[in-house]
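The values are calculated or read from the model by the stated rules, or taken from the named source; none is laboratory data. Computed from a prediction, not measured in an experiment: that's the story for all the values here. Every residue, glycine as well, gets a Cβ built from its backbone with ideal geometry; the counts of neighbours run over all protein chains shown.
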Amino acid sequence: KVRRRLGTGVGGENYKTEGYVVTPNTMALLKHHLTITGGQVRTRFPPEPNGILHIGHAKAINFNFGYAKANGGVCFLRYDDTNPEKEEEKYFTAIREMVEWLGYQPYAVTHASDYFDQLYTWALELIRRGQAYVCHQKVEEIKGHNPPPSPWRDRPVEESLLLFEDMRKGKFGEGEATLRMKLVMEDGKMDPVAYRVKFTPHHRTGDKWCIYPTYDYTHCLCDSIEHITHSLCTKEFQARRSSYFWLCNALDVYCPVQWEYGRLNLLYTVVSKRKIIRLVETGAVRDWDDPRLFTLTALRRRGFPPEAINNFCARVGVTVAQATMEPHLLEACVREVLNEQAPRAMAVLEPLKVTITNFPALKALEVLVPNFPADESRGFHKVPFQPTVYIEETDFREEVDKGYKRLAPGQPVGLRHAGYVIAVQNIIKDASGRVIELEVTCTKSDVAEKPKAFIHWVSEPLVCEVRLYERLFLHKNPEDPSEVPGGFLSDLNPDSLRVVRSALVDSSVLSARPFDKFQFERLGYFSVDPDSEEGKMVFNRTVTLKEDPGKA
């Protein structure tokens, strides 16, 4: 379907795509375009550097870079840096970092600001051609779909040229003058703004400019300058397609094809910059990379591998319809990848001390644990095994019911990888009656009766902090007032984060670095958090081993 809508994937055949506007100059412009590109497919990923990329951007990155690669072409990373008051250097850095983290290398990294001089020259030409004018209506007056026509729409060309120059020289205050284009868009919006006054220094051009171009003016012309063949946009930009084609044709410049596809949204989350800022400001999350969010930096911190995100985007596919997906579908992709990538280790979240009274050696033994039990050719790691081990509190019960198979008086269990079965000998309790230690005997597995279950354990462990995450919101659509009348901040899940400060993990993970991933046997997949420091590792639970059947 994508091929049918976008054409053959061959540069220079833009005019064959549906909706493309052909002018008397189209073929000559395409011919010149082909001399520049050699028929190469060119796409671009054009984020605004005013926030952190999220899961929806991952689909855009995959589509733009993937379509170019599938057709032997290239993809640009272009920062749409036309709103200087909202842009910060950290966003430029983070955007490129996330694109590369997903496995993509831009053909070139460009900025809309690279072309400010050319864009200004074209604005003058647009005025000379009678296709743009300087207007003094206020922003409030031109909002909506049926604003009153501008009383300055038919002002003389020379007057608009002089006034536009005055705008550039800073003779108008913010909101006192704009440059508007003479066209009616699909949604009925009339004469979109091309330039507005902003007395904000730009991160790259400094105070050279006090007028800045809008998206409607900048986007198609930057695409034209870079000889983009396919301008791939999400569905909300369909209303701007007419202005895209109109502006290129009004200036007699090469016109790429614009094609819109459905956004990717996830349930149980919010991704808008404004709402994430509110979450940070209210302390609901720590920052943009809080692992409960679905920004790409948050997903990386939680331990989601980029391959899983790319696989998820591929499975969602590219359609015109918006895709709203359950998070567990993404989590399933994560499990598939981590099952192959994450070496095994053992950790205990709620430790119960176990003393083996008949330990078979005078000193600690070494146990070989396969990094990947399904493929032992991928190596082993050593863990110590000594008379004192720790198991999960939940792996012991004093009384046994019908379905319980783990450790209990009269019900031995095996210790994974150790080659021993342990049986309860004595239960030690504190003054409140809480079990604080077990004394057990051990028997080699090859002579003991086969136990009903094998449990994980640690010995001579490292103390670590483990962060366990659940959905940040209680309802599927926290932004929907019919579902959450009190607004998204009223829908926060009070149990979205549980911190286990004194968990134990086997020493095989000691050399791990931030973002390294492990499967903690029987517990789930975990990633080393950047908060880790010498003497205290911190792990984020990425996902459980299996989808929780009780979770939406």
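Among the residues making up the stretch 475-497, those that are touching a residue at least 24 places away in the same chain (Cβ under 8 Å) and more than 25 Å from PHE520 (Cβ to Cβ) are HIS475, LYS476, ASN477, PRO478, GLU479, PHE488, LEU489, LEU492. For the stretch 290-317, filtering for residues that are among the aliphatic types (A, V, I, L, M) and either assigned by TED's automatic domain parsing to the domain that holds SER496 or surrounded by fewer than 22 Cβ atoms within 10 Å (Cβ to Cβ) (or both) leaves 2.
Could you tell me whether ILE36 is in contact (Cβ under 8 Å) with a residue 12 or more places away in the chain and surrounded by fewer than 22 Cβ atoms within 10 Å (Cβ to Cβ)? When the stated conditions are applied, ILE36 passes them.
Taken over the stretch 56-110, the criterion of being assigned to a loop (DSSP other than H, G, I, E, B) and either outside the structural domain of THR200 (by TED's automatic domain parsing) or closer than 27 Å to THR205 by Cβ (or both) is satisfied by ASP80, ASP81, THR82, ASN83, GLU87, GLU88, GLN105, PRO106, TYR107, ALA108. Checked across the stretch 494-505, the condition of being assigned to a loop (DSSP other than H, G, I, E, B), more than 21 Å from PRO384 (Cα to Cα), of a type outside the set (Gly, Ala, Ser) and not assigned by TED's automatic domain parsing to the domain that holds GLU336 holds for at least one residue. Can you tell me which residue among PRO514, PRO530 is in contact (Cβ under 8 Å) with a residue 40 or more places away in the chain and either touching a Pro at 6+ places or on another chain (Cβ under 7 Å) or surrounded by 12 or more Cβ atoms within 10 Å (Cβ to Cβ) (or both)? Sole residue among the options that is in contact (Cβ under 8 Å) with a residue 40 or more places away in the chain and either touching a Pro at 6+ places or on another chain (Cβ under 7 Å) or surrounded by 12 or more Cβ atoms within 10 Å (Cβ to Cβ) (or both): PRO530. What residue, among those in the stretch 461-473 that are aliphatic (A, V, I, L, M) and surrounded by 18 or more Cβ atoms within 10 Å (Cβ to Cβ), is farthest from SER527 (Cα to Cα)? In this case the residue turns out to be LEU472. A residue that is more than 39 Å from the chain's Cα centre (by Cα), crowded, with 17+ Cβ neighbours inside 10 Å and not small (Gly, Ala, Ser) occurs somewhere in the stretch 394-405. Filtering the stretch 185-210 to residues that are in contact (Cβ under 8 Å) with a residue 24 or more places away in the chain and under 28 Å from GLN238 (Cβ atoms) leaves MET185, GLU186, ASP187, GLY188, LYS189, MET190, ASP191, PRO192, VAL193, ALA194, TYR195, LYS198. Scanning the stretch 27-39 finds no residues that are among the charged types (D, E, K, R) and within 28 Å of LYS198 (Cβ to Cβ). Does PHE199 count as assigned by TED's automatic domain parsing to the domain that holds ASP81, surrounded by fewer than 16 Cβ atoms within 10 Å (Cβ to Cβ), farther than 27 Å from PHE245 by Cα and among the aromatic types (Phe, Trp, Tyr)? Criteria met by PHE199.
Listed here are the residues, each with its yes/no results for (1) under 30 Å from CYS313 (Cα atoms); (2) small (Gly, Ala, Ser).
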site: PRO106; (1), (2): yes, no
site: THR121; (1), (2): no, no
site: ILE127; (1), (2): no, no
site: ALA132; (1), (2): no, yes
site: SER150; (1), (2): no, yes
site: LEU162; (1), (2): no, no
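Of the residues THR214, THR205, THR178, the single one that is within 39 Å of the chain's Cα centre (by Cα), farther than 23 Å from PRO49 by Cα and among the polar types (S, T, N, Q) is THR178. Take SER502 and decide whether it is of a type in the set (S, T, N, Q), without any contact (Cβ under 8 Å) to a residue 24 or more places away in the chain and more than 19 Å from LEU338 (Cα to Cα). Against the criterion (of a type in the set (S, T, N, Q), without any contact (Cβ under 8 Å) to a residue 24 or more places away in the chain and more than 19 Å from LEU338 (Cα to Cα)), SER502 does not qualify.
From the list TYR268, TYR261, which residue is under 24 Å from the mean Cα position of the chain (by Cα), buried (at least 18 other Cβ atoms within 10 Å of the Cβ) and modelled with pLDDT under 95? Of the residues listed, the single one that is under 24 Å from the mean Cα position of the chain (by Cα), buried (at least 18 other Cβ atoms within 10 Å of the Cβ) and modelled with pLDDT under 95 is TYR261. The set of residues in the stretch 226-247 being under 13 Å from GLY19 (Cβ atoms) and either outside the structural domain of ASP114 (by TED's automatic domain parsing) or of a type in the set (Lys, Arg) (or both) consists of ARG240, ARG241. If the condition is being free of Cβ contacts under 8 Å to residues at least 24 places away in the same chain and not in a loop (DSSP other than H, G, I, E, B), then the stretch 139-183 contributes GLU140, GLU141, GLU158, LEU162, GLU165, ASP166. Within the stretch 334-349, does at least one residue satisfy the condition of being part of a strand (DSSP E or B) and over 30 Å from ILE309 (Cβ atoms)? Within the stretch 334-349 (the criterion being part of a strand (DSSP E or B) and over 30 Å from ILE309 (Cβ atoms)), the answer is yes, since at least one residue qualifies. Among the residues of the stretch 58-79, those that are in contact with a helix residue (DSSP H, G or I) (Cβ under 7 Å, 6 or more places away or on another chain) and not small (Gly, Ala, Ser) comprise LYS59, ILE61, ASN62, VAL74, CYS75, LEU77, ARG78, TYR79.
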